[in-house]
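The values are calculated or read from the model by the stated rules, or taken from the named source; none is laboratory data. Model, not experiment: these values are computed from the prediction. Cβ placement follows ideal geometry from the backbone for every residue including glycine, while neighbour counts extend to all protein chains displayed.
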Amino acid sequence: MNTTTAHFPLTIKQCRVIREIMKKGTEKDASTSLSLSQSSVSRALSQAEHALEVSIFTRGWSGAEPTSAGELVISSCNSILQAIADTERQLQQNTTTLLKLKTYVEWRHLMIIEAVVRVGSASVAAQILEMTQPAVSKTLKEVENMVQQPLFSRARRGLIPQTAAKQLASLYLRVSPVVQSLQHQLQSLPNELAGRLSVGMLSFSCQDIVPIAFASIFKQHSGIRLQAMQGPYHMLANALRQGEIDCFLGLMRKGPIHSELIELPLLRARYALIARADHPVHSYAKTLSDLVNERWIVARHGTPIRDYFESLFHSIDNKPPIQALEMLTFASSEELVIHSDAIALLFYDDWNINKLNPRLKQIPITLPQPECTIGITLHRERQSAITQTFISELKLSIQHKLTSI
């Protein structure tokens, strides 16, 4: 076949594989959905990335996630496959037998049909495409089996295209430019920061500064995909080690649990006891001992704030309250305090404690060593330009925040 006649950097099978990986999140699930082996799916993706000279997916928190170039590739694949599905739906009206066009059709099928429709002869089409006539005839038969209806009728002057052939030729003329222009579109992507920034957040941490940093990056770098997710420390640490996220923020510990991770301090904070503004505790509580029988809202076990909470009661020779309500987010904890008689152990930086919700009030009990640090945990060897940009934006957000006190 004359490769100069048409250039297809992606096969339609590769388009199916790419779309299904995007939908299912993993190559394994995509292979099940497509009824292909996982090795076949992996090979198709690898060949597509090699042909286009881009990475289409990166490993992420929830599975395969598209790169900025991958977003463009996926968009093209979706356009092509949607057009094929629409054509199959039209052809399905002519028969009750289930069609197989969108499952098996490839570029050579559509290209050959378009050529025969255009010249009205299988032999002439074969010459144009530098194929043998038997190969062209065999391909036409394959497509007739897919669409379960005749493509051409024979006449003295050649082959007369039927409705199905005309629709398939039209399909080829619509979708072939989409894939043929893909490499040029990829090469024309702006020369700026591009890729994924995936940020993990520990419970109670940095919910106010991360969106500000994200908004600034979103304005300046349209090619960056921004993600934020919340989870416990061990889950985020493992995700960072495996490259599923780029960093995570929260209260710093005495050091990361894995040697390949490092911590960077960002913001000083301190623990505080918080109750509803009209809670009776504000009038009678003078020491920690006065709070032993209160109900508590605290972070989950295994977090620095929970460790500190338990240390408070050990410091007064008391066991930590057993009946404590564990919350995962800062906002939900404050809301629960407002609507209950419970007391919360939270932590605030200077700005947040000064801007405390008026329906809340800090209990004026001096806590032992209440200082703590909010920081960002990074991989020692994997710190991209995007991650460094995010850190810079975080520091600017913190600086602006603290200067507005």
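Structure values in brief
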{"item": "Residue in the stretch 137-144 that is more than 44 Å from the chain's Cα centre (by Cα) and in the same structural domain as residue 82 (by TED's automatic domain parsing) present", "result": "yes"}
{"item": "Index of the failed condition, residue 267 passing every other in (1) crowded, with 17+ Cβ neighbours inside 10 Å; (2) more than 15 Å from the chain's Cα centre (by Cα); (3) assigned to a loop (DSSP other than H, G, I, E, B)", "result": "(3)"}
{"item": "Subset of the stretch 143-164 [assigned to a helix (DSSP H, G or I) and either surrounded by 15 or more Cβ atoms within 10 Å (Cβ to Cβ) or touching a Leu at 6+ places or on another chain (Cβ under 9 Å) (or both)]", "result": "143, 144, 146, 147, 163, 164"}
{"item": "Options 179, 136, 199: the member that is assigned to a helix (DSSP H, G or I), of a type in the set (A, V, I, L, M) and touching a residue at least 60 places away in the same chain (Cβ under 8 Å)", "result": "179"}
{"item": "Entirely in the stretch 272-373, the helices (runs of 4 or more DSSP H) that have 2 or more residues that are of a type in the set (Ser, Thr, Tyr) and without any contact (Cβ under 8 Å) to a residue 40 or more places away in the chain", "result": "281-284"}
{"item": "Residue match in the stretch 29-52 (condition: over 24 Å from residue 105 (Cβ atoms) and not aliphatic (A, V, I, L, M))", "result": "no"}
{"item": "Inter-residue pairs, beta-carbon under 7 Å, first assigned by TED's automatic domain parsing to the domain that holds residue 162 and in the stretch 85-110, second at pLDDT 95 or above and exposed (fewer than 14 other Cβ atoms within 10 Å of the Cβ), 6+ apart", "result": "102/85"}
{"item": "Options 31, 55, 46: the member that is under 27 Å from residue 236 (Cβ atoms) and either small (Gly, Ala, Ser) or part of a helix (DSSP H, G or I) (or both)", "result": "55"}
{"item": "Breaking point among (1) buried (at least 17 other Cβ atoms within 10 Å of the Cβ); (2) modelled with pLDDT of 95 or more, for residue 173", "result": "(1)"}
{"item": "Residue match in the stretch 181-204 (condition: among the basic types (Lys, Arg) and crowded, with 20+ Cβ neighbours inside 10 Å)", "result": "yes"}
{"item": "Residue selected from the stretch 273-286 under the condition buried (at least 19 other Cβ atoms within 10 Å of the Cβ) and aliphatic (A, V, I, L, M), by the criterion farthest from residue 344 (Cα to Cα)", "result": "285"}
{"item": "Sole residue being part of a loop (DSSP other than H, G, I, E, B) and not β-branched (Val, Ile, Thr), chosen from 36, 81, 72", "result": "36"}
{"item": "Long-range neighbours under 7 Å by Cβ, at least six apart or interchain, first residue touching a residue at least 60 places away in the same chain (Cβ under 8 Å) within the stretch 154-167, second in a helix (DSSP H, G or I)", "result": "164/91; 164/147; 167/87; 167/90; 167/91"}
{"item": "Qualifying position, being over 24 Å from residue 252 (Cα atoms) and out of contact with any Gly (no Cβ under 9 Å at 6 or more places or on another chain), among 316, 353, 343, 305", "result": "316"}
{"item": "Qualifying residue in the stretch 44-58 (condition: surrounded by fewer than 16 Cβ atoms within 10 Å (Cβ to Cβ), among the hydrophobic types (A, V, I, L, M, F, W, C) and in contact (Cβ under 8 Å) with a residue 24 or more places away in the chain)", "result": "yes"}
{"item": "For residue 116: the one exception among (1) surrounded by fewer than 21 Cβ atoms within 10 Å (Cβ to Cβ); (2) at pLDDT 95 or above", "result": "(1)"}
